[in-house]
1. Using a 10 Å Cβ count of at most 11 others and DSSP loop calls, identify the longest part of the chain lacking such trypsin sites (Lys or Arg not before Pro).
2. Which GluC sites (Glu not before Pro) from segment 161-210 combine a DSSP loop assignment with at most 14 other Cβ atoms within 10 Å?
3. What are the residues whose amide H is under 5 Å from the amide H of ILE129, where those residues sit 5 or more places off or on another chain and H is modelled from the backbone?
4. Tell me the net charge near PHE263. Cut-off is 10 Å between Cβ atoms, PHE263 excluded, with +1 for each Lys or Arg and -1 for each Asp or Glu.
5. Rounded to the nearest 0.05, what FRET efficiency do GLU248 and SER160 have when you use their Cβ-Cβ distance and R0 = 30 Å?
6. Give the calculated FRET efficiency between ILE101 and THR38 to the nearest 0.05, with a Förster radius of 25 Å applied to their Cβ-Cβ distance.
7. For the chain, with the dipole built from +1 on Lys and Arg beta-carbon atoms and -1 on Asp and Glu ones, taken about the Cα centre, which of ALA353, ALA452, PHE218 lies farthest toward the positive end?
8. Specify, per residue and in Å³, the volume enclosed by the convex hull of the alpha carbon atoms belonging to segment 4-136.
Amino acid sequence: MSTSEEIRQNRVEKREKLKKLGLYPYPISIQRTHEIETILNDFDNFLEKEIILVGRIKTMRTHGALTFFDFEDGTGKMQAMFAKDRLGENNYQFFLNNFDIGDFIEVKGFVFKTKRNEKTLEGKDFKMISKSLRPLPEKWHGLKDIEERYRKRYLDLIFSPETKKKFEIRSKTVKEIRNFLDNNGFLEVETPILQTIYGGARAKPFKTHINAFDLDVFLRISPELYLKRLIVGGFEKVYEIGKCFRNEGVDKFHNPDFTMLEFYWAYADYKELMKLTEKMIQQVLKNVLGSTTINYGENEVDFSGQWERIEFFSLLEKYTDIKYEEINKESLLNKAKELGIDIQKGADKANIADEIYKKYCRPKIIQPTFVTHHPYGFQPLAKNLDENKLASFQVIVCGAEIINAFSELNDPVEQEKRFKEQEKMFKGGFEEAQRSDEEFVEALEYGMPPAAGFGLGIDRFVLMITNSNSLREVILFPLMKTKE
């Protein structure tokens, strides 16, 4: 059996032979009259009509004077046939001697149905349009190294229709989100990825350096603070879909770079936002999947109707017997230790409660649920409902957070106070604390109208609606460790 390198060398020799014959196997232009899908969907109307199709050869079968092969373009796969008596001896042997599985071919001919009723293109002429030098893995689905699928996504896409379908669903999902927001009066904008002060979320950033300015900057962890500057500037509805970066762990629901949708809606509050959220998600699912019900893991999840609403404090008491408003920080910290939860140094009471909630409460929530009114201190950019609760919600599905939203704090004095509290936590060792952004406070001092803000993790949402096991399944090229 030939090794992969021997096969590659053989194909390189074929490439050189073609070049010497004046047949460069990577031509600038090709001819194509139709896509394969068009032919298959309206096959009878193409009988006796000359057509030209192109695609990658996926299989080859030679039976004496006949050779059958399957080839595939971006729309579908079709069988083709070459007959020695139609092509001529020289052309027929040229095909057999120079074409391999993986090559791209242009075929001119006529369609017919075989005795087995297979839709087939009988070629009368052909051309090499791209010579592959490496053999395609014959048993790609059998590879146990899942990471190799992520490293070589192009091969995963070639051999796995399921993988390709997931990314088609992802693309349609983003398109439908845009359509919904555009149709509801939102304006799509772009804000900086490189920021001198990172903010808008609780996370550790990536740091880099701009040589031209001799300036250290951060990759954004959220576009929030810039989008709200636009609300200050007079836009009432703005959104952005783009990459964010957080220097944290990698697991099923976390990746260093990920895609976020954030939008901000002036003169609205978190309660109005809950209604819009239900409407948007339901419409997107109907348009992309044809249904508001999905299967994720062992669960059937129904996004229709009005989703359940339950307060954070109620969940905490229900599953841990902790009455948040009746317990102090030290007692809560001791309780967390009793429950086997590691708490980051410098964390305040709200963040300690959140860690307990994430381990003991959130996994119990399967159907789409609004978890409302998080504790003060948890989201330093959110408005207070009262002295203990925020005007906030998260959407939890199958134990995972997919949406975070709240009524935006627009009091510059209160915002500055919150930033100072966060800076104190940061200096105390809590690395995920929100950093103080004086320029943002200055913007608020010019006046920002009441507004509601919303964040959706696109990757997590797509993971769920495609019933995938990991974010890496729905990110085309996830960052991987080098093999070395």
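1. Maximal segment without exposed cleavage sites: 145-322.
2. Here the GluC sites (Glu not before Pro) that fit, given the DSSP loop and packing criteria, are GLU190.
3. PHE104, ILE105, GLU106
4. Around PHE263, the surrounding residues sum to -2.
5. The calculated FRET efficiency here is 0.55.
6. 0.55
7. PHE218
8. Dividing the Cα hull volume of segment 4-136 by its residues yields 113 Å³.
Values quoted throughout were computed directly from the atomic coordinates according to the rules given, and no laboratory measurement underlies them. Because the structure is a prediction, the values reported are computed rather than measured. So basically every Cβ, Gly included, is an ideal-geometry build from the backbone, and we count neighbours across all protein chains shown.
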